[in-house]
Every structure is written in C-alpha cells, then in structure tokens.
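Structure first, then comments.
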Amino acid sequence: MIDTLRLTAEEAAALLERRELSAAELHAAYLDAIRARDGELHAYLRTVDEPDADGVPVALKDLICTRGVETTAGSRILAGYVPPYDATVATRCRAARLSFLGKTNMDEFAMGSSTENSGFGPTRNPWDPDRVPGGSSGGSAAAVAAGLAPWALGSDTGGSIKQPAALCGVVGLRPTYGTVSRYGIVAFASSLDQIGPIAKTVRDCALLYRIIAGRDPCDTTTVDLPESVELPETEHLRGLRVGVPRELNEAEGIEPGVTEAVNRAVELARELGADVSECELPRSVEYGLSCYYLIAPAEASSNLARYDGVRYGLRSETNGDTRAMYERTRHDGFGDEPKRRIMLGAYALSAGYYEAFYGQAQKVRTLIRREHDALFERFDVLLSPTSPTVAFRLGERTENPLAMYLSDVLTIPSNLAGLPGLSIPCGLSEGLPVGLQLIGRQFAENALFRVGHALERALAFGYVPSRLRDGGAV
Amino acid sequence: MSWQPVIGLEIHIHLKTRTKMFCRCELAYGLDANTRTCPICLGHPGTLPVPNARAIEWTIKLGLALGCEIADRAIFHRKNYFYPDLPKGYQISQYDEPLCRHGRLLVPGPEVDAEVGIVRAHLEEDAAKNVHVGGAAGRIHGAGRTLVDFNRGGTPLVEIVTRPDLHSADEARRFLQLLRQTVVELGISDAEMEKGSLRFDVNVSVRPAGSDELRTRTELKNMNSFAFAARGIQREVDRQIGIYEAGGEVEQETLHFDPDHELAPPLRSKEEAQDYRYFPEPDLVPLAPPRQLVERLRKEIPEPPGARIRRFESQYGLRFYDAEVLNGSVALAELYERVVSAGVDAKAASNVLMNEFARTGVEPGAVDAVELAKVIEARARIPRDRFNEALAGSGDPGFDAERYLGDGLVVETSELEPLVERVLAANEKEVAAYRAGKRGLLGFFVGQVMRETGGNADARVVNELLRTKLDA
Ligand SMILES: [Zn+2]
C-alpha cells in the first residue's frame, strides 16, 4: 500500500533505493490515484501509462516539450501537437531517471492565475473542488497536493508557480532567472519565464531544482550556478536577517486571515533566531503590476506569432488566401486571454507608443531591480504573503480580468527583478491554505531552502488536504 | 536645368558559414526542399536561438573592411511580421544597435572617386523560400498554392546600408562590384546573385545639380545582375527627370523588376506602411565583441580592392580601366604584381594578362608567376601559337616555360640557312615568280621552311633569312 498523499519524493527515492518498492509499482500507484481522484480535479491533460525510467515519477506542466508526447500549453491552437524534441528540463529529468507521469493542466500559454483559462477545461483545488487551484501551474500544484504526483515542474512568469503552490498548500520555487533552461518551454514572456519545482516539502523542491538547474548551451540566457544546491538541514535561523516589506504585507486586498497566518510565520522566524525588521519596497509594489502588464504581453504578442497554422497545430481552412487562413486559425485557436494580451502587447510595441509603454516599462523594471538590490544589502530574505487571498471560487474572477491580475500583485515585483522566490504553506484561513513568500537575492536559492525548511519544520503544516485525509491510501 | 542622380543601396549577403545563424543545421544550396531543417529553424514552440560565433566574427571583419566602427555592445531585435516564409512570425535582426556602423568604401572612377558612406552593416537571419505553384508565375497573389522550403531559412545574412552617396548608374555598378569583391576576398561569402547569396535594393531620386536637397525616392527591387541594375537605375533617373521637367511630382513607390523580362515595365506598388514592432530579442544576451578579437580580425583584413586599384594606377602607371580589370580578382592582381616584380614591363604584363592570358581561362591563382614572366618576356621571339600554348599551359602543375622557349626552337641562322637553301632549290619556279614581282609568295616560302623544322623555327629569323636570299 503506497500512500501517495503523504509520500514525499525523497521518501519515494529511498524506498526505490532500498528496493522495498519497484519503479513500476510506484508509477502504477500514482496512476491509480489519478484514476481515483483526477476525474474530479482534472489536474492532468494526459498521463503516460508506462514508466520509461526507474526513478521517482514526475509530472510536467504541459508547456514543457516532450518528444513523442502531445504538448499543448493548454491551448486549442496546439491540440495534437507532438514535439519532435525534448525540453532541456525534460532531458535532465530523464538523465536523473525520473519517469514521466503525464502533462498537467494550465492556463492557456500560462496566461492566468486560476487554470480556468485552459483550453481544455479548468482544474479544481483538492482542498475544495469549488475553488480554483491558482495558476497558471494549477495542474501541477493540484497534482502534488492531491497525491497524484510526488513532485512536478511548473513555470512561473508573474507568479505561476508560487501562487498555485500557495493556493494548494504545497511548496513551489520560482528560481533565479537564468538558472534553469527555457529551451523547450513554450514561451509566454521570455524575459520572465522560469521553470521550477512544486513539491510537498522544501527538501523535495531542492532535490528537483538540483536536477534541472545549471547552464544550458541551448539557452544563452542561462548561467552556471555560483554554488551547488544544498539540501537544507538546520532548523534554526540564527544570524539570518529577515526583511518584511510593508507594501507587500499591507497591500490593499490582502485578506485578514492571510495576514494573520503570515504574521504568525514571521513571529516564528523571530523565535527561530532570525533578526526580523520591517522595510520598504514602495515603487516596486506601486508600479510592478502595470510594468508587468506591458512587458509580458509585449513579449507574448511576438512569442505567439508562430501559431499561424502553417507548420503545426491547428489550421482553419479558408478559400486559399494566406492572410485569411492566419486570421481564422488564430481566431479559432486562441482563447480570450491570449487574444487580450496579444492586442495589449502589439499596442505597447507599436510605432509611436513604444517609448511611452514598452520603453518606459523597461526603465521601471530597472528601477524595481535596484530597489530590491538595495534591500538585499540589509537583508538575506524578504517575507510576505504569496497571494493576497486564499483559493477563490471558480468563475469568481473570470469576468473581471483586472481582479484576476491582482492575484499576482505580490509575486510580480521580485519576478521583474529576476529574483528567486519560494512559497511554503504557513497555515489555514477559512480552512484553505495560506502561502508564505520568501524572496532571496539572485542565486540565493540555498538561503531560501534553508529558511523555508526551518519554518516548514516549525510550522508543521499538514499538507494533505483535509477532505482527503481519510481516504489517502489507494 | 541639369540634374544629379542620388542613389543609395541596401545589400544583403549570405555568409558561407558551415551552419545557420541560430541553429546548427548545415547550409546547403540546391538540395531537396526541407532537408536542412530542425525544430529551431522551423520555429517550433519552445525553441531558442544560439548565435553562430563565426557569423558574428565575419560580420565584424566585413565591418572593418568597410571602415566601420565596431560596437562595444550590439543587440539583436525582433522584427515582427507575418509571412509563410517566416516561421517564428518575427525575424531576428538588428535595429538601433547594430554590430557595425559609420563606415565608408572608396570607389575609384575614371574621372572622380566616390567615397560611399556605409550607414550600417548588421547581422540577421534569412527567411525561408516561398515556392508558388500554379497561378501567375512568381507572385504570391493569384498563386495556386504556396509551398515553403525552409532550407534557406536561418542562413546568416549581412545587411549593408549605404548613404545616398552614389551619383550615377555606373558608380552604383562599380560600388556593387567592389563590395562583392570585398566579401569574396574576405572569404566570407560567395556573393553570387544566381544563388541568391547576394541581393540588393536601390533607392533612386534626382535633384537639381548643385543642390543638396533629398527629393522623393523610389525603390528598385528584384534586379538580378549589376549590369541590369545599372540599366534600371538609368531608366529610373531618366523617368524622374522627365516627370520634374514636365512639372510633375515623383511618387514614393516600389518598382519590382521581372528578372526574366527585363524590358517589361516594372510592377509598381504603393509603399505599404509596415509597423514591424521592433523590440530587443529577449532570448539573446547583448553581444559584446572583445577588443582583442576586433584587433585580431583587423589584422586579417586584406587591402581593399578600391585602394588596390588606386595603387595600381600610381605604382605601375596604369590607366584606370586597366587597373580596374586587373583587380577584378585578388588572384589576378597578385599574379600581375608578381609577374612585374619578376622583371616584366608593367605595361606589357598588363596587356598580356588582360588579353591573351584572360582568353585562356586559366585560373590566375594556379600560375607560377616566375615561369609566366619568362613566357611573357619571350613573347616577341617565339611563334604566336607557341606563345598562346604556353599561356594556356601556365596553370598546369609543374609548368616549365623552357619547354616552350628554348628546346627545339631554332633561332640560329647557321642552322636555318641550309634549310632555306634547300627550300629555294626545290621551288625554282616560285623563286622566279617572286623575283619577277610576286612578293606575296614570301609567305609560301616561310611556310615551307617552318614545315621543314616541324614548326620549331623562329618565324622572324626565317623571314629575314629568306628575304636576304631572295632579294640578293
Ligand atoms: Zn535548423
């Protein structure tokens, strides 16, 4: 009997190592769990039924290209697209002998914060199926929370790993920009996209990050890690300087229950020996969201131009006129959110508006980076809520894109600065998980793991969704 | 009123690197369609570009040869537009921070030299090739079907933009020739128009002579040879002058030439205001060519062909046209210089190389200059056939001039005299006729003597001998 709800990847690896379990049995246990619970949750778009390696299985967000396995990025325009090559992170997972469990659901082209923008139907939150799992890596976060995968890879542009991890009560790392290859990742906004792990524990996150991180000759924006990834051991925080940026903790729209849980975690950090003090990030928080909604759509408008029906994916037939074929294909293939962002982005880049919009946003981005750099001269880690709210109900924000965009207001600033961020569960509010965001300086993943691990131990958050606690084992 | 043409050029040159600009597919011409492709150059989701370091070096080299400043920091931009031959929906190009700018190329002319400003030389990827099947030939509109061959897609392409510093069709042709020669001599491109590895567009306007205004210009596209371009430019200049002199205004438009029917009037199209939404390519980090690299490349730059033409004029006392022809390739120019330094008179060497030697089609690079110099020096002494034969063989491995000059070639009077006597004795009737005034028979006697020697006699010596004997 394998209790996939509770089994961590590290434990699973140990079982395989000691030959108490075969990789095939482990893989099958997760497929059983998927059969039992994914009908309701829809975390997966498709599963891989035969393990193709003898290690711990992993689930991949559906924007990670996998040779021979359909990859859609949650978009109908890519329905049926089977990549002829593997993404570098997929190659690295294979090299580490992880078997692929399947491809997880996501907001179309990673554009969204609830996974409701998937072209193939929404994913539901394992803590409450009437609520969203967050997004855009909602499928990956829900799969890990519901015991449908020991760990998973997601991608984070504006908060797409951290926010769903928070809403599903699991751990998610958005790595430093440039530490994980983007080769083979269906692009949304190239200067922001990063692949990262989602898992039940900080140590699992560190283990998976160790597998995927490092310079890749296929992605010239990647670099060698300045230090190797360390598995966190210590349970104190002595000597650590923790900053609590006022603007990230007191932003409008943060639910009281969220503030309460985060404050308890901050207090706990102090008890564990950290030197905690308040600090400020005024301009990053004030301008972050609007800056992001110029840069990300601008890059997206260009990245999504290749979906034209000429070479792969959907092609809507027309009377033979090429331009009409483009228009029809893109009209039929893209959902509302990609269309909205393509228009926004094309506008921000157009002649006469470039300087006022895209150009200005780049300047603001530099400002945000500097503001963070200055804080990291005084602090090792910054703490804040990951999401202003706990998981919201399906349909609650779909009619109001701006309300949806605000889901990422706390994760976006450090993403624009290219910094790493970890979200760990820090308690419940109204019976739903609250995420604590830890932000580190560039390449300081080890520091985040260390702090995250110490807090995780002290918080003793039971990551199994309460409603699943009894029927865990399958 | 007299008018001055104002001409600017935009030239695209394929670099002959082993692999493409942003993926490692090998470059190849004339292969079956879509046999040199990969997920990257097909624009598959998730793929990323990795720049070809060799292509960057070669662009810098070209920039240096064109006297450009090499940027300390250059960036790639995305140029966004939709077309079936553009798999990503954007072309990776350069925009306001190109690798090379502010250069100039000296274009010597028969009367005046032109100094042509180079606005920029930048690196980009070429598009794939649309193949139109059925419908009106060669045009996307009205085509039955469009197929795309991605073999060419992603080929490294250098774009060179000149200032409008050219003032005649002939000057433009000369510039193109020199530029072509420059890239060929740098070894970075074949620059063959037939293969499409050199393409160019021309901007043309005219203005009253002496003024420095810039009037509305038209763009000439699709020209398939330098000579054709020169004719096209001349026609366009004449047309614009005609319009102004009739009191009209030139309209901004693009003229497409049909390469197969150069006499047909060009197709016109209104300039479509395209917004390419340029922005810095976020998938690539800025280029920062190290100074040491630039200085190393600078040392590898050969003498530019324009400067070489100038030097030939002054150093060897050649006329412009001769200097230009001799500099048609670096191999010919080098052969010329080596032949002269082997002692041959500069004028004579130039005459032989441009005429008799050129007609043989021998590859100048294959010729041993010292041996060739011996042949040229002997040109007055040996029979014409033998001279030409020697030139034709001058490119063969181990070519030995002596074989054509010394051995068996009878020049000694003492050796020829008995032969001459014998010929005259055997043809008494003809000797009588000659002496009676039929002077034309001299050729007959020469022929007879030459046959006796198997062609191995010096014709001038034979001539002289015969005349002495007959006229005695
Ligand atoms: Zn390729």
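The values are calculated or read from the model by the stated rules, or taken from the named source; none is laboratory data. Values in this document were obtained by computation on a predicted structure and should not be read as measured data. Note: ideal-geometry Cβ built from the backbone for every residue, glycine included; neighbour counts use all protein chains shown. Ligands, DNA and RNA are stripped out before the accessible areas are found, and what is left, the full protein with its side chains, is counted by its heavy atoms. Shrake-Rupley method; radii C 1.70, N 1.55, O 1.52, S 1.80 Å.
Quick notes on this structure:
- Only one of the listed residues (A:R340, A:R365) is within 27 Å of the chain's Cα centre (by Cα), closer than 27 Å to A:E399 by Cα, of a type in the set (D, E, K, R) and assigned to a helix (DSSP H, G or I). That residue is A:R340.
Let's see how each residue does on (1) out of contact with any Phe, Trp or Tyr (no Cβ under 6 Å at 6 or more places or on another chain); (2) open to solvent by less than 50 Å² (accessible area, probe 1.4 Å); (3) at pLDDT 95 or above:
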site: A:D373; (1), (2), (3): yes, no, yes
site: A:L382; (1), (2), (3): yes, yes, yes
site: A:V390; (1), (2), (3): yes, yes, yes
site: A:N415; (1), (2), (3): yes, yes, yes
site: A:G418; (1), (2), (3): no, yes, yes
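- Pair list, Cβ < 8 Å and 6+ apart or interchain, from region A:298-326 residues that are within 11 Å of chain B (Cβ to nearest Cβ) and part of a helix (DSSP H, G or I) to residues that are open to solvent by 10 Å² or more (accessible area, probe 1.4 Å) and among the hydroxyl-bearing types (S, T, Y): A:E299/A:S191; A:T322/B:T146; A:M325/A:S316; A:M325/A:T318
- B:F357 being open to solvent by less than 10 Å² (accessible area, probe 1.4 Å) and farther than 19 Å from B:R338 by Cβ: no
- Looking across region B:188-211, the residues that are surrounded by 15 or more Cβ atoms within 10 Å (Cβ to Cβ) and among the charged types (D, E, K, R) come down to B:D190, B:R199, B:D201, B:R207.
- Among the conditions (1) open to solvent by less than 80 Å² (accessible area, probe 1.4 Å); (2) assigned to a loop (DSSP other than H, G, I, E, B), B:R381 misses just one, which is (1).
- Per the conditions (1) within 14 Å of another protein chain (Cβ to nearest Cβ); (2) within 16 Å of the ligand (Cβ to nearest atom); (3) among the aliphatic types (A, V, I, L, M), the sole criterion not satisfied by B:L27 is (1).
- Qualifying residue in region B:441-452 (condition: surrounded by 13 or more Cβ atoms within 10 Å (Cβ to Cβ) and either over 52 Å from the mean Cα position of the chain (by Cα) or not in a helix (DSSP H, G or I) (or both)): no
- Leading residue by the ranking (most open to solvent (accessible area, probe 1.4 Å)) among those in region A:27-56 that are in contact with a helix residue (DSSP H, G or I) (Cβ under 6 Å, 6 or more places away or on another chain) and farther than 24 Å from A:W127 by Cα: A:D54
Rundown of residues vs (1) over 16 Å from A:A59 (Cα atoms); (2) open to solvent by less than 10 Å² (accessible area, probe 1.4 Å), yes/no style:
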| residue | (1), (2) |
| --- | --- |
| A:K103 | no, yes |
| A:S113 | yes, yes |
| A:A146 | no, yes |
| A:A165 | no, yes |
| A:T176 | yes, yes |
| A:V180 | yes, yes |
| A:I198 | no, yes |
| A:L207 | no, no |
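- When residues of region B:50-61 are limited to those that are touching a strand residue (DSSP E or B) at 6+ places or on another chain (Cβ under 7 Å) and in a helix (DSSP H, G or I), the one most open to solvent (accessible area, probe 1.4 Å): B:I56
- Matching residues, region A:81-129, being under 23 Å from A:K200 (Cα atoms), in a loop (DSSP other than H, G, I, E, B) and more than 19 Å from the chain's Cα centre (by Cα): A:A96, A:R97, A:L98, A:S99, A:P129
- Some residue of region B:238-257 being closer than 20 Å to B:T17 by Cβ and buried (at least 16 other Cβ atoms within 10 Å of the Cβ): no
- Whichever residue in region B:62-116 is open to solvent by less than 10 Å² (accessible area, probe 1.4 Å) and among the hydroxyl-bearing types (S, T, Y) and, among such residues, is nearest to A:S301 (Cα to Cα): B:Y90
- Within region B:30-43, tally of residues that are under 30 Å from the mean Cα position of the chain (by Cα) and either more than 11 Å from the ligand (Cβ to nearest atom) or within 14 Å of chain A (Cβ to nearest Cβ) (or both): 4
- Flag for B:H12 being of a type outside the set (K, R), more than 16 Å from the ligand (Cβ to nearest atom), under 20 Å from B:F279 (Cα atoms) and assigned to a strand (DSSP E or B): no
- The residue list A:E247, A:E260, A:E267 contains one member that is open to solvent by 10 Å² or more (accessible area, probe 1.4 Å), touching a Pro at 6+ places or on another chain (Cβ under 7 Å), of a type outside the set (S, T, N, Q) and in a helix (DSSP H, G or I), which is A:E247.
- Cβ separations smaller than 6 Å between residues 6+ apart or across chains give the following pairs from region B:24-38 residues that are closer than 20 Å to A:C218 by Cβ and open to solvent by less than 90 Å² (accessible area, probe 1.4 Å) to residues that are within 13 Å of the ligand (Cβ to nearest atom) and among the aliphatic types (A, V, I, L, M): B:R36/B:A28.
- One residue stands out in region B:50-99 among those that are within 16 Å of the ligand (Cβ to nearest atom) and more than 29 Å from B:L179 (Cα to Cα): the one that is farthest from the other protein chains (Cβ to nearest Cβ), namely B:P87.
- For region A:77-97, residues that are open to solvent by 20 Å² or more (accessible area, probe 1.4 Å) and within 14 Å of chain B (Cβ to nearest Cβ) total 6.
- Considering B:T146, B:T47, the condition of being assigned to a loop (DSSP other than H, G, I, E, B) and more than 31 Å from the chain's Cα centre (by Cα) is satisfied by B:T47 alone.
- A:T220 open to solvent by 20 Å² or more (accessible area, probe 1.4 Å) and either in contact with a Leu (Cβ under 8 Å, 6 or more places away or on another chain) or away from every other protein chain (no Cβ under 14 Å) (or both): yes
- Qualifying residue in region A:417-426 (condition: touching a residue at least 40 places away in the same chain (Cβ under 8 Å), at positive phi, in contact with an Asp or Glu (Cβ under 8 Å, 6 or more places away or on another chain) and away from chain B (no Cβ under 14 Å)): no
- Among the residues of region A:177-191, the ones that are more than 8 Å from chain B (Cβ to nearest Cβ) and within 20 Å of A:A141 (Cα to Cα) come to 2 in all.
- Some residue of region A:430-445 being closer than 22 Å to A:V144 by Cα, in a helix (DSSP H, G or I) and not aliphatic (A, V, I, L, M): yes
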